[in-house]
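Chemist: Sharing a structure below in structure tokens format, with a few things to ask.
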Amino acid sequence: MKNILVTGGAGFIGSNFVRYALSLGRDIRIINMDALTYAGNLENLEGIAEGSHYRFVKGDITDADAVDRLFEEEAIDTVVNFAAESHVDRSIVDPQCFLKTNVLGTQVLLDCAKKHWKLFPNDKYSRDYKEGVRFLQVSTDEVYGALGKTGRFTETTPLSPNSPYSASKASADLFVRAYHETFGLPVNITRCSNNYGPYQFPEKLIPLMLNNCIQGKPLPVYGDGMQIRDWLHVSDHCKGIFAVLEKGRGGEIYNIGGNNEKANIEIVKLIIEACGGDEGLITYVKDRPGHDRRYAIDNTKISTELGWAPEYSFGQGIAETVKWYLDHKEWTANIVNGDYMNYYGKMYGDA
Ligand code: NAD
Ligand code: DAU
């Protein structure tokens, strides 16, 4: 039995990962630790029963005592760290909480893993660890910065983060690397491009546009709308993470991306078409400060080494996603009825 600590498993990708991992029917137990910030939502985990394969724990990854207790109680042998402040726009308003969760939280997890997994914990020179332990840091392509019109990010592209969010994720990656180099901790880092799919918080481009479109509200496009993102269905991301956990070489970074570049305005028009909306709703608003122009992932390493490939075509993925949000209006309504509207008002005013 593998005892996997999934952090941030009540968020968008984490909850999809929990669902996917449990659906495989492997001999695993998932302990999901989530602080339930504005982005954490237990409705994302509806239908997943607590028992021998799953436990939810409300807790903060920056709380070293709580993390330590969990490692002890559950004999954790694997960590998949999704927990993060994840929204670039929020990081422009409040950078410090990104530093706290994304950097300090990762370092707390690394330290607990080192303490519990080292065979000779009191020997600072020992690099021997228990059999089969692994720390996987879920990172992002944003750590590489912005691309020009050509080229794609490889795992050796220098880090050049531009937003407080991506700076915090790059810093966390460097801590993960340092724990591997200095202490020999068995780690992996995955760096994925933009995800879409069910359970994504409606502050992010696709669910925000979908929700506004359904309600006939303006669709706020930043700048000229020609920024490019490389979109991947969340289930393909989860499969990539699982492949790295099972087969990834220790200490290695794996980019995950779907070779699926789209300009933001294309995405917005696709959503309008799928919802039967009105293009007149498109409203160009002031650009995001420091807005990265283009991201694109070179996924050669994960596909050739681990045999991973995206299964979703974008057409199929977006059609299913639009249907999911249309079928789950209540899920979005429950979020939108909460604190979200305060955020929306501050962010977009009347737009
Ligand atoms: P999300 O914002 O939907 O979920 C984050 C989760 O982390 C929430 O459940 C939240 O409650 C939890 N959390 C936040 N602070 C915490 C803390 N201090 N302790 C414990 N839990 C805490 O984010 P997401 O989009 O699912 O992203 C998950 C991870 O994947 C992040 O690390 C993000 O950087 C990375 N990532 C996201 C994308 C994307 O397109 N969304 C792409 C690549 C990488
Ligand atoms: O690339 C991976 C990253 O993708 C992840 O690391 C982040 O956690 C995730 O939030 C996402 O970051 P982006 O900034 O690319 O995602 P977002 O959905 O916020 O925006 C996508 C694009 O759409 C971006 O160019 C900004 C633009 N945009 C976004 C919003 C919310 C708009 O034009 N209008 C909007 O209202």
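Chemist: Is it the case that SER139 is touching a Cys at 6+ places or on another chain (Cβ under 9 Å) and either among the β-branched types (Val, Ile, Thr) or part of a strand (DSSP E or B) (or both)?
Modeler: On the way: touching a Cys at 6+ places or on another chain (Cβ under 9 Å): yes; either among the β-branched types (Val, Ile, Thr) or part of a strand (DSSP E or B) (or both): yes.
Yes, satisfied.
Chemist: Another question, if that's okay. Please note which strands (runs of 3 or more DSSP E) are completely contained in segment 227-268 and include at least 1 residues that are more than 14 Å from ligand 1 (Cβ to nearest atom). Give the steps one after another, and end with the answer.
Modeler: On the way: elements: 228-230, 253-256, 261-263.
Because the criterion is at least 1 residues that are more than 14 Å from ligand 1 (Cβ to nearest atom), the strands (runs of 3 or more DSSP E) in segment 227-268 that meet it are 228-230, 261-263.
Chemist: Please work out which residue is farthest from ARG69 (Cα to Cα), limiting yourself to segment 1-47 and to residues that are within 16 Å of ligand 2 (Cβ to nearest atom) and open to solvent by 50 Å² or more (accessible area, probe 1.4 Å).
Modeler: So the residue we want is TYR38.
Chemist: Could I ask something else about it? Tally the residues that are open to solvent by less than 50 Å² (accessible area, probe 1.4 Å) and touching a Ser or Thr at 6+ places or on another chain (Cβ under 8 Å), restricting the search to segment 99-126.
Modeler: 7
Chemist: Considering segment 318-350 alone, what residues qualify as being touching a Phe, Trp or Tyr at 6+ places or on another chain (Cβ under 9 Å), away from ligand 2 (no atom under 16 Å from the Cβ) and either of a type in the set (A, V, I, L, M) or over 30 Å from GLU261 (Cβ atoms) (or both)?
Modeler: Within segment 318-350, GLY338, ASP339 meet the criteria.
Chemist: All but one of (1) under 29 Å from GLY225 (Cβ atoms); (2) in a helix (DSSP H, G or I) hold for ARG191; state the number of the condition that does not hold.
Modeler: (2)
Chemist: Among the residues of segment 243-274, write down those that are more than 16 Å from ligand 2 (Cβ to nearest atom) and either surrounded by fewer than 19 Cβ atoms within 10 Å (Cβ to Cβ) or among the aliphatic types (A, V, I, L, M) (or both). So that I can check it myself, show each step before the final result.
Modeler: Our first condition is that a residue be more than 16 Å from ligand 2 (Cβ to nearest atom); within segment 243-274, this holds for 243-252, 273-274.
Scanning segment 243-274 gives ALA243, VAL244, LEU245, GLU246, LYS247, ARG249, GLY250, GLY251, GLU252, GLU273, ALA274.
Chemist: What are the residues in segment 282-332 that are more than 16 Å from ligand 1 (Cβ to nearest atom), outside any helix (DSSP H, G or I) and among the acidic types (Asp, Glu), if any?
Modeler: Residues satisfying the conditions are ASP287, GLU311.
Chemist: Residues to consider are LYS130, LYS114, LYS118, LYS149; find the one that is within 30 Å of PRO289 (Cβ to Cβ) and basic (Lys, Arg). Walk me through it before giving the result.
Modeler: Working: LYS130 fails: within 30 Å of PRO289 (Cβ to Cβ); LYS114 fails: within 30 Å of PRO289 (Cβ to Cβ); LYS118 fails: within 30 Å of PRO289 (Cβ to Cβ).
Selected residue: LYS149, the only one of LYS130, LYS114, LYS118, LYS149 that is within 30 Å of PRO289 (Cβ to Cβ) and basic (Lys, Arg).
Chemist: Let me spell it out: the conditions are (1) assigned to a loop (DSSP other than H, G, I, E, B); (2) open to solvent by less than 20 Å² (accessible area, probe 1.4 Å); (3) aliphatic (A, V, I, L, M), and LEU147 meets all of them except one. Which number is the exception?
Modeler: (2)
The values are calculated or read from the model by the stated rules, or taken from the named source; none is laboratory data. Keep in mind that this is a model prediction, so the values were computed, not measured. When we count neighbours, we look across all protein chains shown, and the Cβ atoms used for this are built from the backbone with ideal geometry, even at glycine. For accessibility, only protein heavy atoms count, side chains too; no ligands or nucleic acids. Shrake-Rupley method; radii C 1.70, N 1.55, O 1.52, S 1.80 Å.
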